[in-house]
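These notes are about the structure you will find just below.
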Amino acid sequence: MSRRERKMKVGFIGLGIMGRPMAGHLIDAGHELYLYDIQPVPDELTGKGGTACKSGKEVAEKADIIITMVPDTPHVEAALFGENGVAQGLSKGKTVVDMSSIAPIETKRFASEINKLGCDYLDAPVSGGDVGAKAASLTIMVGGPEAAFEKVKPLFEKMGKNITLVGGNGDGQTTKVANQIIVALTIEAVAEALLFAAKAGADPARVRQALMGGFASSRILEVHGERMIKRNFNPGFRIELHQKDLNLALAGAKSLNLSLPNTASTQQLFNACAAQGGAQWDHSGLLRILEVMGNFEIGQTAPGGDD
């Protein structure tokens, strides 16, 4: 830690695939970490100096900035406002930062309740998956007061690289939903394109290589296109989590009187994957339901391919 960086007392609630490395980076940076999870706090974090707590309330009593990183909206609500939750341990002047991906409307309600306790609230969902969490290269999309953002920014910089204050409370979560719409639809487009190329008799690996140099190039084509070709569907980001995010998009669209037809159709493809037992697949596994529909798998010899 440089001389200019202030050592902070930070609470971290939710130490799963994402939260564990994120909390680890903060400990490595010299900050004082107070940790809680419904599972035992990992030894790797306490071994580096993190302090295990018995509840979210205890975390909030000991820390000045409290971060939550849990799966869904109900989990955030429980962590903040449930029995022995964060709200019961807060005192004026503290800051709550939710880095989960949850509903923007509920986020605004949570922020309002935390503000009534004399505390600031930031919604700061992330993109980059477990790879980004481990590499401290996450994209962090923030909603909330600018002063609170500036206070917490040194912590964000230990966990991510592309850090943006988008607007007020809820705007960070809205940005994450928009991100997930783009990611889902791009995965679907890449899957269709590579399946089309393979069925037409072209080598999908070489097709992908060619497309990477053109206007169709994208991070999804680079990373998930390779997953599709190698048929590696072990999860980095599970289909069931992307279903959750698209549910947020579609529910939000309904409340805004918007039609998101391609988001809806991609969600139906994810639903079909889940019906095939694929809820735990990586979201690039969307390809597999298109293969079922086309009765052809990437890697097969295309009809007439041996001629």
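The values are calculated or read from the model by the stated rules, or taken from the named source; none is laboratory data. What you see is a predicted model; the values in this text were computed from it and never measured. Cβ coordinates were reconstructed from backbone atoms using ideal geometry, including for glycine residues, and neighbour counts include every protein chain displayed. For the accessible areas, the whole protein counts, side chains as well, though only heavy atoms, and no ligand, DNA or RNA atoms are used. Shrake-Rupley method; radii C 1.70, N 1.55, O 1.52, S 1.80 Å.
Taking every residue in the range 94-111 that is under 15 Å from Pro145 (Cα atoms) and pairing it with any residue that is in a loop (DSSP other than H, G, I, E, B) and open to solvent by 10 Å² or more (accessible area, probe 1.4 Å), at least 6 positions away or on another chain, the pairs with Cβ-Cβ distances below 6 Å are Lys94/Asp64; Lys108/Asn169; Ala111/Asn169.
Just checking, which of Lys94, Lys48 is basic (Lys, Arg), in contact with a Cys (Cβ under 6 Å, 6 or more places away or on another chain) and over 30 Å from Ile181 (Cβ atoms)? Break it down stepwise before answering.
On the way: Lys48 fails: in contact with a Cys (Cβ under 6 Å, 6 or more places away or on another chain).
Residue meeting the stated conditions: Lys94.
Test Thr107 against the stated conditions and say whether it is crowded, with 23+ Cβ neighbours inside 10 Å, in contact with a strand residue (DSSP E or B) (Cβ under 9 Å, 6 or more places away or on another chain) and among the hydroxyl-bearing types (Ser, Thr, Tyr). For Thr107, the condition - crowded, with 23+ Cβ neighbours inside 10 Å, in contact with a strand residue (DSSP E or B) (Cβ under 9 Å, 6 or more places away or on another chain) and among the hydroxyl-bearing types (Ser, Thr, Tyr) - is met. Ser284 meets all of the listed conditions (1) open to solvent by 60 Å² or more (accessible area, probe 1.4 Å); (2) closer than 13 Å to Ala191 by Cα; (3) of a type in the set (Gly, Ala, Ser) but one, namely (1).
How about the range 215-247: which of its residues are of a type in the set (Phe, Trp, Tyr) and under 14 Å from Leu286 (Cβ atoms)? Quick ask: steps written out before the conclusion?
Let us first name the residues in the range 215-247 that are of a type in the set (Phe, Trp, Tyr), namely 215, 233, 237.
The answer is Phe233, Phe237.
A single entry from Ile38, Ile17, Ile66 fulfils the requirement of being under 24 Å from the mean Cα position of the chain (by Cα) and assigned to a strand (DSSP E or B): Ile66.
So, Ile239, is that one in contact (Cβ under 8 Å) with a residue 12 or more places away in the chain, on the phi < 0 side of the Ramachandran plot and over 23 Å from the mean Cα position of the chain (by Cα) or not? In short, no. Condition first: over 11 Å from Asn169 (Cβ atoms), open to solvent by 10 Å² or more (accessible area, probe 1.4 Å) and not charged (D, E, K, R). Now tell me which residues in the range 91-104 satisfy that. Scanning the range 91-104 gives Ser91, Gly93, Ser101, Ala103. For the range 194-236, taking the residues that are under 17 Å from the mean Cα position of the chain (by Cα) and either outside any loop (DSSP other than H, G, I, E, B) or free of Cβ contacts under 8 Å to residues at least 40 places away in the same chain (or both), the one that is surrounded by the most Cβ atoms within 10 Å (Cβ to Cβ) is identified as His224. Selection over the range 129-165 of residues that are buried (at least 21 other Cβ atoms within 10 Å of the Cβ) and assigned to a loop (DSSP other than H, G, I, E, B) gives a count of 1.
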